[in-house]
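Everything below concerns the one structure shown next.
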Amino acid sequence: MPEASLVVRNARIYTLDRSLPWADALAIQGDRIAWVGRDYEADDWIGPNTKVIEAGKRLVLPGLIDSHFHLLLGARGLHGVQLDDAKSVEEIQQQVRAFAQAHPDREWITGRGWQYKALPEGVAVHRKMLDEVVPDRPVVLTAFDGHTAWANTVALERAGLLNGPSAQPAFGAVIMGDDGAATGELRETVAMNLVRSHVPELTAAEQDALLRRALKMAASYGITSVHNMDGQHDALSVFHRFDAHAELTLRVYVPFDVEPGMKEDALEAWVHSPNANSQSPLVRTGAMKFFADGVVESKTAWMLEPYADGSDDRGKPNFDPEEFKRLVVKADYLRQQVFVHAIGDAAARLALDAFNHAIRMNGPRSSRHRIEHVEVLDPADLTRFKRMHALASVQPLHADFGTDDANPWRKLVGPRRWAWGFPWRTLMNAGVPLAFGSDWPVVTMNPFEGMRAGLARHKLDFSDAKSHFPDQKLTLEELIEGYTRAGAYFEFQEREKGQIKAGMLADVIALDQNWFDALPEELSGVIGDTRSALTIVGGRIVHEAM
């Protein structure tokens, strides 16, 4: 029997392989799993050059796959002030002031992560709040969800926006005050970029250092693959470069970003570009991503009925619907998998309409087109989801937006739609495949926090378990599968990863907690406290804390 390069033994291996659900040991040769079985058989694989890891009965799983992640965007965001934990405007101001004082050499003060609920009800962000703490340098802060930015007066002046834009973006807005000046609130990418385009770019060395930091964080959480949502040539080039220098410590699946106004030729050019065709075991493409709408919190998500705030506002689509369908058909014709960001129920319907149109125009195939987020779904579209063979890529931690009274999501969606908010169990019971992710940096990349949220989720009306209101929480086994086997299926890699099985890629993690030993009432807390003690990607140890 050939010698293994690495053996993990004395473990509790939950394989996700239905023919052998549990094992005690595994052997790796090169970048593949060679054998899985009983501990007493492991000796046959050990030779003089084999590295042997004594797992100490730790729980071992396939490497975790985050199915919605912003690797480069999130890494770059680490450069600025981190506002995720700020609970009030005063705390945001304190942190921005401290950061500015600690970085007197920064021409611009940037940051991200502020929460809408940090502002008192009925109060919007305003440039003067930031002027109070940094009056002499430009400041621009991106909200936690990446769909709103907050700029001070100097930043607006630098961008020539203080008196408003020459024309408002077709999607999103530069918010204007009653005094005729911009307030500093910028909704959606086009508006935000009117200011952010003036921020000096990071140097290559700064960006690389931040990406290394993000990769180290991911490895510590057992993340071995991400479906990355920063899909342009520059991101792909960075990943290829890190891969060439053996610095990439996870697998990256990169869809191309399709934007309104883009010509069909641009989609074809991406598919045939050398960058997109330089695929490797760690860097792959073959998909395209569309933003159908925005987010509920800033009322840019597209809803079938008005928001529950007394207005007639329903949001609006990012694309002209006919343009959207035409570009989805083109992507499908190019045999690309399509990812659609759709948070509102009208956006989800548009995505399903486009998928159906692609089938009619190009013929049926195993396209595995996906809807990302699915925060609100109309009941009439549930069966269409299954009929279109669409996949649902969801983020368990996002459901906390709906159960947090201080978050605008709950009030804006309103009680009539709560039953169809974050409808994971409803989708799963209808036969729609689900995979899970974080949307980092929108929320923490920690997948164990995502699992905790999925396991302990409350009903959106806060009724008890006996009520008729839909219960959308998930089981431990469903959550593990959603972060492993399902994640692999969602990128056409189910024959390569997502299970601990002979012949599969050697992406394996050992945890510092054994979830299957926990009492039911303790399980969500145990999962939330978990970290990876060992992370292996392609047979290479990328994190070890045993």
What are the residue pairs meeting all of these: first residue in the stretch 167-178, first residue closer than 21 Å to W302 by Cβ, second residue surrounded by fewer than 16 Cβ atoms within 10 Å (Cβ to Cβ) and polar (S, T, N, Q), Cβ atoms under 9 Å, and 6 or more apart or on different chains?
V174/Q168
Enumeration of residues in the stretch 292-344 that are in a helix (DSSP H, G or I) and farther than 22 Å from R368 by Cβ
P321, E322, E323
What's the number of the condition E201 fails, among (1) charged (D, E, K, R); (2) over 21 Å from V154 (Cβ atoms); (3) surrounded by fewer than 20 Cβ atoms within 10 Å (Cβ to Cβ)?
(2)
Filter result for G421 (within 20 Å of the chain's Cα centre (by Cα) and under 14 Å from L391 (Cα atoms))
no
Residue by residue through the stretch 12-27, note down the ones that are within 20 Å of R495 (Cβ to Cβ) and in a loop (DSSP other than H, G, I, E, B).
T15, L16, D17, R18, S19, L20, P21
Out of the stretch 266-318, which residues are within 30 Å of R187 (Cβ to Cβ), charged (D, E, K, R) and surrounded by fewer than 17 Cβ atoms within 10 Å (Cβ to Cβ)?
E305, D309, D312, D313, R314
I'd like to check something: does the stretch 149-160 contain any residue that is aliphatic (A, V, I, L, M), in contact with an Asp or Glu (Cβ under 9 Å, 6 or more places away or on another chain), part of a strand (DSSP E or B) and in contact (Cβ under 8 Å) with a residue 40 or more places away in the chain?
yes
Considering each residue of the stretch 263-321, count those that are free of Cβ contacts under 8 Å to residues at least 24 places away in the same chain and of a type in the set (A, V, I, L, M), and give that number.
2
Residue hits (the stretch 455-469; touching a residue at least 12 places away in the same chain (Cβ under 8 Å), of a type outside the set (A, V, I, L, M, F, W, C) and surrounded by fewer than 18 Cβ atoms within 10 Å (Cβ to Cβ)) are H458, D461
Residue, nearest to V526 (Cα to Cα), within the stretch 6-59, restricted to residues that are surrounded by fewer than 20 Cβ atoms within 10 Å (Cβ to Cβ) and polar (S, T, N, Q):
N10
Checklist (1) on the phi < 0 side of the Ramachandran plot; (2) surrounded by fewer than 21 Cβ atoms within 10 Å (Cβ to Cβ) applied to A435, failing item
(2)
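Would you point out which residue out of D529, D517 is in contact with a helix residue (DSSP H, G or I) (Cβ under 8 Å, 6 or more places away or on another chain) and surrounded by fewer than 14 Cβ atoms within 10 Å (Cβ to Cβ)?
D529
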Being more than 18 Å from P470 (Cα to Cα) and part of a helix (DSSP H, G or I) is true for just one of F401, F385. Which residue is that?
F385
Entirely in the stretch 187-249, the helices (runs of 4 or more DSSP H) that have 1 or more residues that are in the same structural domain as F290 (by TED's automatic domain parsing) and small (G, A, S)
204-220, 233-244
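The values are calculated or read from the model by the stated rules, or taken from the named source; none is laboratory data. Here the structure is a predicted model, which is why all the values come from computation and not from measurement. FYI the Cβ positions are ideal-geometry reconstructions off the backbone, even for glycines, and counts take in every protein chain you see.
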